[in-house]
1. Go through segment A:99-106 residue by residue and turn each phi into a ³J(HN,Hα) via Karplus (6.51, -1.76, 1.60, θ = phi - 60°); whole Hz please, and just put x for glycine and proline.
2. Out of B:Leu7, A:Leu175, B:Gly205, whose Cα points farthest toward the positive end of the dipole of the protein assembly as shown (charges: +1 Lys, Arg; -1 Asp, Glu; placed on Cβ)?
3. Would you list B:Ser53, B:Ser78 from the most to the least accessible area, probe 1.4 Å?
4. Evaluate the relative contact order of chain B (contact order divided by residue number), counting alpha-carbon pairs under 8 angstrom at least 6 apart; express in whole percent.
5. Amide H neighbours of A:Val31 under 5 Å, counting only residues 5+ apart in sequence or on other chains, H built in-plane at 1.01 Å?
6. Shape verdict for segment B:303-527, please, from the Cα gyration tensor: rounded (a/c under 1.5), prolate (a/b greater than b/c) or oblate.
7. Return the average number of partner chain Cβ atoms within 10 angstrom of each residue Cβ along peptide B:510-520.
8. Would you work out the relative contact order for segment B:333-395, in percent, from Cα pairs under 8 angstrom that are 6 or more residues apart?
Amino acid sequence: MTPALKTTDLTRSFDIGKRLFGPPRARVHAVNPMSFEVPTGETLGIVGESGCGKSTLARMLVGLLPPTSGQIEIEGRALDRADPAAFGRLIQYVFQDPVSSLNPRKTIRQIIEAPLRNLHGMHGPALDARIAELFDAVNLRPEFLSRYPHEFSGGQAQRIGIARALAASPRILILDEPVSALDVSVQAQVLNLLAELKVKLNLTYLFISHDLAVVEAVSDRIAVLYFGSLVESGPAEKVFATPRHPYTKLLADSAPVVGRPLGGAQSGELPDPLNPPLGCAFATRCPRASDLCKRAIPELRVVEGDQFAACHHPLAP
Amino acid sequence: MSLFLRLLFRNKLAGFGAVVLGLIVVLALLTPILPLHPPNETNTANRFLRPLSDGHLLGTDHLGRDLLSRLMWGTRLSLAVGFAAALVAGLLGATIGVIAGYFGGRTDNVTMRGIDMLMAFPYILLALAIVAVLGPGLFNALVAVAVVNIPFFARNIRGVTVGIAHREFIDAARLAGMGNTRILLTEVVPNIVPVVVIAMSTTIGWMILETAGLSFLGLGSQPPQADLGSMLGEARAALITAPHTSIVPGVMILLIVMSVNLLGDGIRDALDPRLRSGALSRPMAATRVKRAEAPAPKGDGLLRIDALETQFHVGPRIYRAVNRVSLQLDPGECLGLIGESGSGKSVTALSVMGLVASPPGVITGGAIRLNGQDLIGAPYELLRSLRGRKVAYIFQDPLSTLHPLYRIGDQLIEAIRVHEPVSHAEAHRRAIKLLEDVRIPNAAQRARAYPHEMSGGMRQRVGIAMALANDPEIIIADEPTTALDVTVQAQILALLDDLRRSRGLAILFITHDFGVVAQLCDRVAVMYGGRIVEAGPTPKVLAAPAHPYTKRLIACVPELGAGRRALAAIPGLPPAVDDLPPGCAFAPRCEKARDSCRAGEIALDGDARQVRCLFPEVTP
C-alpha cells in the first residue's frame, strides 16, 4: 500500500551572512537527509528539543519553505514545489500559537472562508453549508463566526485553527506543537478532538511536540530528532519504554514524572551549528561514545524488529 | 468609535487640541460664505491699518488688503495643502514600506537604499531642489513636501510590515491558497492602517510648517494668492513698523501646528493597544495598597501570607486575581504553587514584594509577614532593601529579565553592590563564584558574555545566580523551567534542589506541571480561580487528591510510559476572575456539584492537609 506521506533524503540548509554578490559566509544544515514514511490513517509523532529542525521539517512538508534537496510524495505522487495551493489541498498545518495564527482584523467567518473559496472555489449556499459542517466537527457554536479572534480563549482559537486546516479537505495534517500553548485541562479536550476527527475523516497526522508524554499518548510511531537528524524511530509504546539511542534515553529520563526522583541532570549542550562535529552530534554528551562515534556519522538502521536507531553502540532493551 | 473618543478626551491636552483644530477647520470651511472682504482687493490708501480699526477687524497689510479675510483664505489653503501632502506622503511611503517589508531580500535592499539616499539630503535643501526643478507654485511645493516626507513613512511602515510578514497568519493565508497580492491587500494592509494613521496624525503639523516655509521663501503660493507662509514672507519687510501683519499669520500657524500635534499625540495614545490599557502611566515602584486592617497571624513561619487579596481595577471591572490566599513557607522548605493560567499563582508571588504593576493592581486585604514583619503597606525603602536581599525572584524568561546591553558579569556585580558596599574587585570575585555555583563552565570567561550569546539553559542559570547574589532566605521561582527543553529543565531542577539543600533556601515554586512539583516540592498548594482549593504534603496530594479539580487535572496530564490512550478532559473553561460564581468556582465544570456548592462561601478545611470542597474525594 502506498504511504500517505513519504520523504526521500529531504534536506534544508540556510545561508548565514548573505552578501549582495558572491557566496554566503557560512551554511547551516537545519535538516540533514531525512527519509520516512507515514501510512494512511496513522500518526507519526516527532519529538526533539529546540534547534533540532522539527519546525523546518514541518514548514517544508506544507510547502512554506522549499527544500534544498530531496522529495516529498503524497499518496504516491511527487509534489510540485512551485505551487503552495497544490500543497494546500493535500496537506495542511495547525500552528503552535492559536491566537497569532488568526488575523486579528478578520472575522472567524472570513478566516474559514479563505481556503474554501481559494482552494475549492466554493461560494453561495454550498459555502455556508460547509462552514456549518466544519464548525460542528470541531464543536464550536455558529454564532462565533461573526466574532474576532481576540474574543476567544486559547482552546477555542485552536479549534478554529483546526477547522481552518480541515476546510481545505486535506489528506494529511501537520500539527506543530498544537497544544503546547494551552492549559492542561484544555489540552486534553483538543487532543481528544483531534483523535476523533482522525477516525472520522481518515486523516494522517504528523504530530510535532516537545512533550514526550503527549506524543506518546497520541502517536502510532515516534521519530526522535537531534541536531537536524533522525536518531531513532519506532512504535510509540517502545521508543520511550525501551530507548535504543542514548539521546532518547536521556530525553525519557529527563521528563519529570510523578514518583521518580530528579534525574537526567547531565550537563552538555547542542554542538555549534556553524561548526558541526565530524561524527555523531551527540557524542560529546554521550556516556557510551567511542572513537568511532567521533569519526563517523552513524546511519539509521534496524536495531530490533521495527525499531531504528542511528547509533554505533545502541542500548540493549 | 465611542471608546476611541473617550480615550482621546481622557487626555485633556489632546481634547484641547481637537477643539481648537476643529474650530479652525470649521471656520476655514465656512470662509467662502462668511461676510468677508475679498482677499485680494487692494486699497493702498488704507495700508497698514491697525487691528480693530473700522471695517477691518485685524487691520490691513502693505497693499491695504483685509488681513482677516486673507488669514481665513490663507488658513484654508495651508490646511488643504498640509493635509494633501500628508495623505500623498503617507500613501506612497506606506506602499513602498509595505512592499519592501513584505518581500524582503533584494527588493527590500534596493528600495530602502533608495530611501536612505533621499534621507541623506537635509530636507529643506531637498525640497528647495525639487521646487527649483519643477518651478515655483503651490502644487510643486506640495509635491516637494510630500516627497521629502516619504522616507519617514516608508521606514516606519517597513518595520511594522516585517513584523507582520513573519506572523503565522500570513503562512496560514498562503496555505489557504492566497497569492502575494491578495495577502498584501487583505491580510497585511488592514493591520498597518492604524500605524499609518498614527504616523500621519503626528506629521501633518510638520508638513504644514514645511509648506509655509517654502511659501515664505517665495517658492510656494504666488501673489496675490494668500497662504500663511506667503503672508509672513510679505510682512517681513514691515516687521518693525507694522508688526501685526506678521503676528496675525504667525499666531495662526502656532495655533494650527500646536493643536495638530496635541491631537496627533492623543490619537497615537488612543490607538496604540499598549497604551490603551492604561499602561501610559509608568507602574509605581510598589503595588498600591488599599487595605482596611491587617489580619492577625494564623501561625509563624519564615514567610506567612494571610488572607491575601490582590485585585486589578480596570475601568469599572474588578478582577479578583487573588482571593483570600493563605500560605506558609518554612526555612529550607520548597512549596509548590500549582494552577492553570489565570489561576492567580503568579500574582500571589508578585504580591509578596509588592511587584504587581500598579495601576491596575491593588492589594486590598491580607498580610504578608516576613519573619513576623508585615510587608503590605511597608515603606518603599524597606521593600527595596528586602527585594533581592531576603526574597529573590527567578522568572520564566531569562532573555527578557536580563539586560541585553550589559555583560552578565557586570549585571551580577551590580546586583551585589546594590545591597552591599563592597569593592568592584570583590564583587567581581563573588560574581565569578556565583556563576561557578550554578555550574556554568568557564565562569570567568562566560562572565564577559552578553545574554543573547548564551543558550536558554545557560541564561536561566545566570538568572538563578542573580537571585542568589545576596544570599536570600527565600527564592520565588515563577515557572523557571517552562521555556526550557526537557533535558535542560532536568539540569535546572537538579541545580535548584542542590542549592536549596546546600544553602538552606526556602523556595516558593510556581508551576503548572505536576511532574515538576512531585520531584522538587515538599508541600503543594493548588490554585483555581484565585483561591487555594487544596494544599498538603506533595506525595499525599498527588497520590490521593481530595478536591475534584485536583483529581481531574492530574488525570488530564498524560504520563510517560503508559502508551497510546484517550485522555481525560475537563469540559468547559476556567472561570473569568472578574465574574466569579458564588460558592465553588469549579462547580460549573464539576460532575459532583450540587446546589449547596453554588450557594455560598466554602471554607478551606483541615490543618496540614486542606481542601475547599463540600464533597471531597477523600477525607483529608
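The values are calculated or read from the model by the stated rules, or taken from the named source; none is laboratory data. All values derive from a computational prediction rather than experimental measurement. Note that each Cβ is placed from the backbone with ideal geometry, even for glycine, and that neighbours are counted across all protein chains shown. Ligands, DNA and RNA are stripped out before the accessible areas are found, and what is left, the full protein with its side chains, is counted by its heavy atoms. Shrake-Rupley method; radii C 1.70, N 1.55, O 1.52, S 1.80 Å.
1. These are the phi-based 3J(HN,Hα) values: 6, 7, 8, 10, 5, x, 9, 10 Hz.
2. B:Gly205
3. The ranking, largest first, comes out as B:Ser53, B:Ser78.
4. 11
5. A:Arg12
6. The shape class here is prolate.
7. 4
8. Reported as a whole number, the value is 22 percent.
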